[in-house]
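Every read-out reported here was derived from the displayed coordinates using simple, explicitly stated rules and does not represent laboratory data. Just so we're clear, the structure is a prediction, and the values are computed from it rather than from any experiment. Here the Cβ positions follow ideal geometry from the backbone for every residue, glycine too, while neighbour counts run over all protein chains shown.
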Amino acid sequence: MPGRLSFDRVAAIYDETRGLAPRAMSRVLAVLVDELHGKRVLEVGVGTGRYAVPLQKSGIRVVGVDISRKMVEFGLAKGLRDVVFADAARLPFASGSFDVGTTNHVLHLIPDWRDVLKEIARVTRETYFTVIERSDRVESIKREYDALVKAAGHDWSHPGFHEKDLPGLLKPDFVMPVGPFRETLLADSILEELNGRTYSSQWDVPEEIHRGAMESLRTKWKGKEFQRSYTLEVTFWRSERLPQIAEAQRS
C-alpha cells in the first residue's frame with residue numbers, strides 16, 4: 001500500500017495553486033465563522049492554514065494536525081497557531097475533545113482514510129464538515145493532462161478517497177451552498193502549474209511522458225482563456241455517522 005503523501009515539496013507554492021478566489025473564500029469563511037461560533041474545531045491536514053488562519057483570526061478556536069513541517073512553517077508565518085504534528089489515523093487527543101472536525105482536500109492522500117474518519121468521530125462531539133467544489137465546467141486542462149499521461153502508459157491513482165465523493169457514500173446531514181461563482185482563467189497559468197508538476201498525481205510521471213503531455217496541451221491551450229463556473233458546498237455530517245462512511249466504501 002502506498003504511504004501518505006507529504007506536501008513538503010510544494011509548500012512554497014501551495015496557496016497560490018490551490019487557493020479559492022478571494023470573493024469565494026470570503027463567502028465560505030463568513031458561513032464558517034457563523035456556523036462555528038463558540039465551537040472548538042479540529043482541522044486534520046491543516047497545512048498552510050488556508051482555512052485555520054482566517055478562522056482563528058475571527059475568534060474561532062481551531063487546533064490543526066499535519067505531518068508536513070514545511071507546509072506548517074508557511075502557515076506559522078501567516079499567523080497559524082495551535083498545531084500538532086501527528087498521524088491523522090491515531091490522533092493524540094482524548095475522546096470528545098472537540099465539537100467539530102474537518103478535512104479539506106486531504107483524505108485522497110491517506111491510504112487509511114477510513115481510520116482518519118473514525119478518529120475524527122472519536123474526538124468530536126457534534127459534526128464533521130468539508131468544503132466541496134461543484135463545477136459545471138466540462139473541460140479541464142488538468143483532466144486532459146491525466147488522460148494523456150494514462151494513454152501514454154502511466155496509470156496512477158491517489159492512495160485515499162476524495163472528500164468530494166463522500167456524499168456518494170453517505171448522504172450528508174445538511175449542505176450549505178455558497179455561490180455560484182464565475183471566473184475567467186488564463187490557460188497559460190494552468191499550463192505553468194502542470195509543467196512544474198504542482199499536483200501530487202504528477203510527481204511520479206516519467207519525464208518523457210510528462211513532456212509529451214505538456215507539448216499536446218500547449219498546442220491546444222497556449223494563449224487562450226476559459227470560463228469557470230462553480231458552487232461551493234459546506235457539507236456536514238453528524239460525527240457519530242462517520243464510521244458508516246468508511247463501512248459504506250468497503251461494501
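One table, with the values for the structure above:
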| quantity | calculated |
| --- | --- |
| Cα gyration tensor shape of the chain, rounded if a/c is under 1.5, else prolate or oblate by comparing a/b with b/c | prolate |
| Sorted by Cβ density within 10 Å, fewest first, the residues His158, His210 | His158, His210 |
| Net +/- balance of residues flanking Phe93 in space, Cβ distance below 11 Å, scoring K and R +1, D and E -1 | +2 |
| Gyration tensor (alpha-carbon) shape descriptor, the stretch 114-251, a/c threshold 1.5 | oblate |
| Most mobile of Ile60, Ile141, Ile120 in a GNM of the chain (Cα contacts under 10 Å) | Ile141 |
| Among beta bridges that DSSP assigns inside the chain, antiparallel share in %, nearest 5 | 55 |
| Normalised contact order of the chain, rounded percent, pairs of Cα under 8 Å and 6 or more residues apart | 22 |
| Shape call, the stretch 209-248: gyration tensor on alpha carbons, a/c limit 1.5 | oblate |
| Pairwise label distance in nanometres, His37 with Arg61, each label 7 Å out on the Cα-Cβ vector | 1.7 |
| Mean-position separation - Cα centroids, the stretch 67-135 and the stretch 198-243, in angstrom | 22 |
